[in-house]
Amino acid sequence: MTIDPRKFGAFAMTSSLRAFAGAMALTLGFSAAAEAKMVVRPSHAALQSRTQSFESFVASLWPEASRRGVSRAIFDAAMAGVTLDPAVIDKTRKQAEFVKPVGDYLTSAVSQKRIETGRAKARDWEKWIVKAENDYGVDRYIVLGVWGLETNFGGFAGNDYVVRSLATLAYQRYRGDYFRKELIAALVILQERNVDPAHMLGSWAGAMGQTQFMPTSFKTYAVDFDGDGRRDIWTSVPDAIGSTANYLHKHHWIPGETWGYEVQLPNGFGHPGEAGYKSFASWGERGVQRADGGEMPRSGKAELLMPAGAGGPAFLVTPNFKVIKSYNNSTAYALGVALLSDRIAGWGPLKGQWPMASR
C-alpha cells in the first residue's frame, strides 16, 4: 500500500538513529570540524547544470500528465517553484545502522499515551468508526490501530510537499520508474480537486495524509466517506477512517475474525512440524493455550508466530494478520497495530516478557 520509508524495510526511528549516529561519531573520535573538512561540495557550475537538468525533466512530464487528463493550469500550479530537494536525495542514500529489537519497538508503538489517545479518538469519532466497521466488515479497533501507528491518529502526517518529493525521486530514478508513476498519479489527484497543492503534504517518500497512502493507493482505495464530494485523507477524519477500512477490506480482511491471540506453549514445543496454518482446535490439541485463559475459537485457522524466538511471547495469528502486513510489510508493524488495537478495545497487556535485549 502505501509505500513510505517504513515500507522500504526499516521503521521510522529518527531520534534513535540520530542518537546512535552521534554516539558512533564520538567513539570514532570525529569532531564536527573534522567532518566539515571531509565534505566535498559541488561547484556552482555543477549545481547550475543539475538545476537545469531537473527543470528539463519537470517540463518533460507535461505530455504524460496531459494524456492522463491533467490540465495545463493544474500542472503549472503543481510545479510552480518546485526545485530538486537535496534532503530527499540524502535520505535515499542513508541506510539504517541497526534495527530496533521487536520488544523495544512494540513498547514504543503500544505506549500508554498512545493507548489513551486511541480510546479518546474511539469516543470522539465513534459514529464514523462504527460506520466503517459496518460498511467494510473490518474490526473498528484495527482501523484505529493503523491510524495510530501511521500518523499517531493524525498528529503528524508529514510536512513535505508531495509533488516536490516525488519529482526529486523520479528525477533521480530512485526505484526505477516507480516514483514517476506516483508523481503522475499525484497530479491526477490535484486535477480531481481532492486537495490543493498547498495542502498536499506527506512524508519525504510521498506517503500522504492521515492514512499515509501513496498516490496510486489513494486512487484505488481512498473514499469520500463523509460525502462532501472530495476524498480528503489530509483533514477529514471520516475519509481517513473510511479509506483505511476500505484498504483492509480490499485486501481480504475476514469479517468477524480476530487477528490472533497471545498464547502459552507447552514445554518443548516448537519443532519444525508446527509450521503453517492449522485450525485453532488442532493447536489446542497440541497443548497450546490462550495466554489470557480464554477458549480457543471453534472455527478459523492460525499459524504460530514467535517474533523474538523461544525466549519471548508467542502468538497464533490468523490470515487477517497478513492483511495488516499488506499495509506495511513488517511483522513488528503488524503486531504493533494488532496489540494497540487490543489495548484500545480494553484488553490487557501481554502476559509474556520480551528478552532482556529487547527491553
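The table below gives the values:
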{"quantity": "Matching residues in segment 153-179 - criterion: being under 30 Å from LEU340 (Cα atoms) and among the polar types (S, T, N, Q)", "calculated": "ASN159"}
{"quantity": "Subset of segment 250-304 (residues that are hydrophobic (A, V, I, L, M, F, W, C) and under 26 Å from ARG343 (Cβ atoms))", "calculated": "TRP253, ILE254, TRP259, VAL263, LEU265, PHE280, TRP283, VAL288, ALA291, MET296, ALA302, LEU304"}
{"quantity": "Of the criteria (1) within 19 Å of the chain's Cα centre (by Cα); (2) under 30 Å from GLY352 (Cα atoms), which one ARG123 fails", "calculated": "(1)"}
{"quantity": "Residue match in segment 91-99 (condition: within 30 Å of ASP196 (Cβ to Cβ) and modelled with pLDDT under 95)", "calculated": "yes"}
{"quantity": "Per-region count, segment 297-326, residues farther than 17 Å from GLN264 by Cβ and either surrounded by fewer than 24 Cβ atoms within 10 Å (Cβ to Cβ) or in contact with a Phe, Trp or Tyr (Cβ under 6 Å, 6 or more places away or on another chain) (or both)", "calculated": "12"}
{"quantity": "Of residues in segment 178-220 being over 17 Å from the mean Cα position of the chain (by Cα) and of a type in the set (S, T, N, Q), the one farthest from ALA240 (Cα to Cα)", "calculated": "GLN191"}
{"quantity": "Where VAL99 falls short, out of the listed (1) assigned to a loop (DSSP other than H, G, I, E, B); (2) of a type outside the set (Ser, Thr, Tyr); (3) over 19 Å from the mean Cα position of the chain (by Cα)", "calculated": "(3)"}
{"quantity": "Options THR331, THR318: the member that is among the polar types (S, T, N, Q) and touching a Pro at 6+ places or on another chain (Cβ under 7 Å)", "calculated": "THR331"}
{"quantity": "Whichever residue in segment 237-262 is β-branched (Val, Ile, Thr) and more than 24 Å from MET306 (Cβ to Cβ) and, among such residues, is surrounded by the most Cβ atoms within 10 Å (Cβ to Cβ)", "calculated": "THR244"}
{"quantity": "Residues satisfying the stated conditions in segment 58-76, i.e. assigned to a helix (DSSP H, G or I) and either in contact with an Asp or Glu (Cβ under 8 Å, 6 or more places away or on another chain) or closer than 17 Å to ALA170 by Cα (or both)", "calculated": "VAL58, ALA59, SER60, TRP62, PRO63, GLU64, ALA65, PHE75"}
{"quantity": "Any hit, segment 266-288, residues being closer than 20 Å to GLU133 by Cα and either charged (D, E, K, R) or touching a residue at least 60 places away in the same chain (Cβ under 8 Å) (or both)", "calculated": "no"}
{"quantity": "Single match in LEU106, LEU149, LEU84 (criterion: of a type in the set (A, V, I, L, M, F, W, C) and in contact with a Phe, Trp or Tyr (Cβ under 6 Å, 6 or more places away or on another chain))", "calculated": "LEU84"}
{"quantity": "Residue in segment 246-262 that is of a type in the set (Gly, Ala, Ser), touching a helix residue (DSSP H, G or I) at 6+ places or on another chain (Cβ under 9 Å), within 24 Å of ALA122 (Cβ to Cβ) and in contact (Cβ under 8 Å) with a residue 12 or more places away in the chain present", "calculated": "yes"}
{"quantity": "VAL162 more than 30 Å from GLU64 (Cβ to Cβ) and either under 21 Å from the mean Cα position of the chain (by Cα) or among the aromatic types (Phe, Trp, Tyr) (or both)", "calculated": "no"}
{"quantity": "Enumerated helices (runs of 4 or more DSSP H) restricted to segment 264-347, each holding at least 3 residues that are under 30 Å from MET214 (Cα atoms) and under 20 Å from the mean Cα position of the chain (by Cα)", "calculated": "319-327, 331-345"}
{"quantity": "From ARG343, ARG286, residue being among the charged types (D, E, K, R) and in contact with a strand residue (DSSP E or B) (Cβ under 9 Å, 6 or more places away or on another chain)", "calculated": "ARG286"}
{"quantity": "Residue ranges of helices (runs of 4 or more DSSP H) in segment 148-231 with at least 1 members surrounded by fewer than 21 Cβ atoms within 10 Å (Cβ to Cβ), at negative phi and touching an Asp or Glu at 6+ places or on another chain (Cβ under 7 Å)", "calculated": "178-191, 215-221"}
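Listed here are the residues, each with its yes/no results for (1) free of Cβ contacts under 8 Å to residues at least 40 places away in the same chain; (2) farther than 23 Å from ALA207 by Cα; (3) within 17 Å of the chain's Cα centre (by Cα).
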| site | (1), (2), (3) |
| --- | --- |
| GLN112 | yes, yes, no |
| ILE129 | no, no, no |
| GLY145 | no, no, yes |
| LEU149 | no, no, yes |
| PHE156 | yes, no, yes |
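The values are calculated or read from the model by the stated rules, or taken from the named source; none is laboratory data. Just so it is clear, the model here is predicted, and its values are computed rather than measured. Glycine gets a Cβ as well: all are built from the backbone with ideal geometry, and neighbour counts include every protein chain shown.
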